[in-house]
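The values are calculated or read from the model by the stated rules, or taken from the named source; none is laboratory data. It should be emphasised that the depicted structure is a prediction, and the values quoted were computed from it without experimental measurement. A quick note on method: Cβ atoms are made from the backbone with ideal geometry, for glycine too, and the neighbour counts reach across all protein chains shown. Remember, those area values only see protein heavy atoms, side chains included, never the ligands or the DNA or RNA. Shrake-Rupley method; radii C 1.70, N 1.55, O 1.52, S 1.80 Å.
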Amino acid sequence: MLTKSRDTSTPSSSMYGRNRHRRPSPLLLIGISVPVLLAIIAVSVIVVLPRLNSHAATAVINPNCTLVVPANALTAQGLATPYQLFAPDAAANGACNEANPTQGAFVQATIYDPATGAFSVYNPLVIDQGTQPAVVPTAPTLPANAVVGLWFGFNGTNLTLQGAQQDANVLAQAQCANGLNGSIFGQFSYCNAPNFFAAVNQGIANGLVKIPALGMANDGKPCPTTRDFSVVDQDQSDNVQTQYLANANGQTAQLTAANQAQLANATVLGNPSDNALVTRFIDPALGCQPWQAPDLANAGTMTLSLAMDEIQANALQQAPIALVPLTDPMVLVNNAQSQDKTILYRKGVDQNPGNILPTDGTTYCQNYLNVGLPHIQGDMTITINRTSPDPAAANSLFTFLANRFMQAYTLLNCPNLLNQPNPVTVQMNGNGVVTAATIKLPGAAAGGATGGTTTGGAAQAATGNATITLNPAAGNATLTSTVTYPNHPNQQINLNVVKRSCKNKPFFTRAETTDANSQNMANALINNLQGRQKLPANWFFTVTDPAQNNAVVACAPIVANGTTGTATLAGAAAGTGAGAGTGTPVAATGTVTATATAVAGTGAPATGTATPTVQPTAPASAGQTTPKNAPYKGKRRQHGLW
């Protein structure tokens, strides 16, 4: 998730996305008991983290950091040598701190024994440059002739690798890939991955490597891999499952049982990732078991591995298989598709580089829409009662996945590539938490399914459409809209246009009033658009209800085509009567609407209290190492799109 679009020129407090200054997600805190988790969310985020980063609390967070790779990185001693995080532009843009959840970098090593076909994991530590670890790592014992691969994740925007002592040979010796000719991937990079996967695949061919079967999920389908279209987003297979500990001084240590005992009040730091979404949330919900290996730093405790996820997916995922597409924001160069950069990324995650067709992005969208979304819809009765990876963004696993799909569908340019509007719309409560999602599959007949609410009444959402027509010469645009807000006659509503997120502050608002039939037709002028020649792809049209503290009662992306953009709002009414208050939807075909609301004592997911974000689109600088680069995953993501 989530989640893992770029434009740091406009700071925002939104969180669910590639750091726009992200608040910590529960994925940062996996492995902690529920009471401790609640305490950390309620206290640590508010109290501990400012102590860790007090000097940065009043400054804009620097989204671009550099990570110093130690010499001999693929050896036991290199693995135990802490990586050092710093900001080359600290004087102008602020420092980088590993304990800051919006800037943390994470390293994961997977070790392959070519003699036995066995795997193990070691997570090298990252510290702030010029500091000491809270606990000094111990060098692992590696098998003879071990093949080591390294993978990197980052909670900011751009992570640049640098060899120790600024020696380029350090990176060359470790076969590191940070991107293509100065156009970095962003949050992801790797060292020696192609050689690692080549050795493993040879072991598979020789019958030495035994890959566990996926198993059957409790939805009657094979357990999903990281290449299942129901779990990918706009930038799949990025970031890692590594976690660290941080003490009150901001010093870090590896997450091990021994270190937890020694650092009793430490905060757990993590790197929200697509792989963690699958192995820590989707797998448990569907009754599936992820492939694990011994953690050499943690007395052999079984742990997760990005590399092993990808090996299993490469061997067992059935068609259609999701591979990093040309339209993935991480593989763009100056906002243009790049075969070379896409191939380089694919090599780092055991994907067949192949001969990528120019229509690759369109095919990806087709499978995302026609295969992935029906799977998400079909699992709704299961996932709506499972914990959200990010309660601050969505109140159940289902609403999280639906919201994530909505964001990724837009970021991958699917509405234009397929000539199909976004099939998902969401409803948020007054705290900005997605509590309902409507899925309308292509060609589906009208109809719906509803999820329960604790009130026993209908939680309404607005429907309708809006069109924006830009006049470049005049520097303005006309907005025409038709909105129906059921059961709200003669009531004020606000029509808004926002950037990057349904919950961001609108740059345009028009107060309107519904008629006796709960309908409204509006015409308005949006000013101050001088210099804009076409509509951007990251605007959203929202309807908010002033009587509900301006809760978003409808939101849809504005699908832009030159100077014209359209948004289609689909209703998301919560159910009444049978099933009300249960959090369990009634199955139906066609359009599906589900509302998930916390029900005391039932185990239903709890609603979060913070503000989520919708991932913005990638600007021309996507993939480039420039100050304008900003988070683009939402992965996740905001954290997801995960």
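Candidates 357, 296, 316: the one that is modelled with pLDDT of 95 or more, over 19 Å from residue 188 (Cβ atoms), surrounded by fewer than 17 Cβ atoms within 10 Å (Cβ to Cβ) and not β-branched (Val, Ile, Thr) is 316.
For (1) modelled with pLDDT of 95 or more; (2) crowded, with 24+ Cβ neighbours inside 10 Å, each residue gets a yes or a no:
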residue: 364; (1), (2): yes, yes
residue: 368; (1), (2): yes, yes
residue: 379; (1), (2): no, no
residue: 384; (1), (2): no, yes
residue: 387; (1), (2): no, no
residue: 392; (1), (2): no, yes
residue: 395; (1), (2): no, yes
residue: 401; (1), (2): yes, yes
residue: 405; (1), (2): yes, yes
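Where strands (runs of 3 or more DSSP E) fall wholly inside region 241-307, the ranges with 3 or more residues that are in contact with a helix residue (DSSP H, G or I) (Cβ under 8 Å, 6 or more places away or on another chain) are 243-246, 267-270.
Candidates in region 319-345 are the residues that are of a type outside the set (Phe, Trp, Tyr), open to solvent by less than 10 Å² (accessible area, probe 1.4 Å) and not in a loop (DSSP other than H, G, I, E, B); of these, the one that is nearest to residue 405 (Cα to Cα) is 329.
Tell me whether region 203-219 contains one or more residues that are in contact with a His (Cβ under 7 Å, 6 or more places away or on another chain) and modelled with pLDDT under 95. Scanning region 203-219, I find no residue that is in contact with a His (Cβ under 7 Å, 6 or more places away or on another chain) and modelled with pLDDT under 95, so the answer is no. Residue check: residue 65 meets all listed conditions (1) assigned to a loop (DSSP other than H, G, I, E, B); (2) in contact with a Cys (Cβ under 9 Å, 6 or more places away or on another chain) but one, namely (1).
Summed over region 146-175, the residues that are open to solvent by 10 Å² or more (accessible area, probe 1.4 Å) and of a type in the set (Gly, Ala, Ser) give a count of 4.
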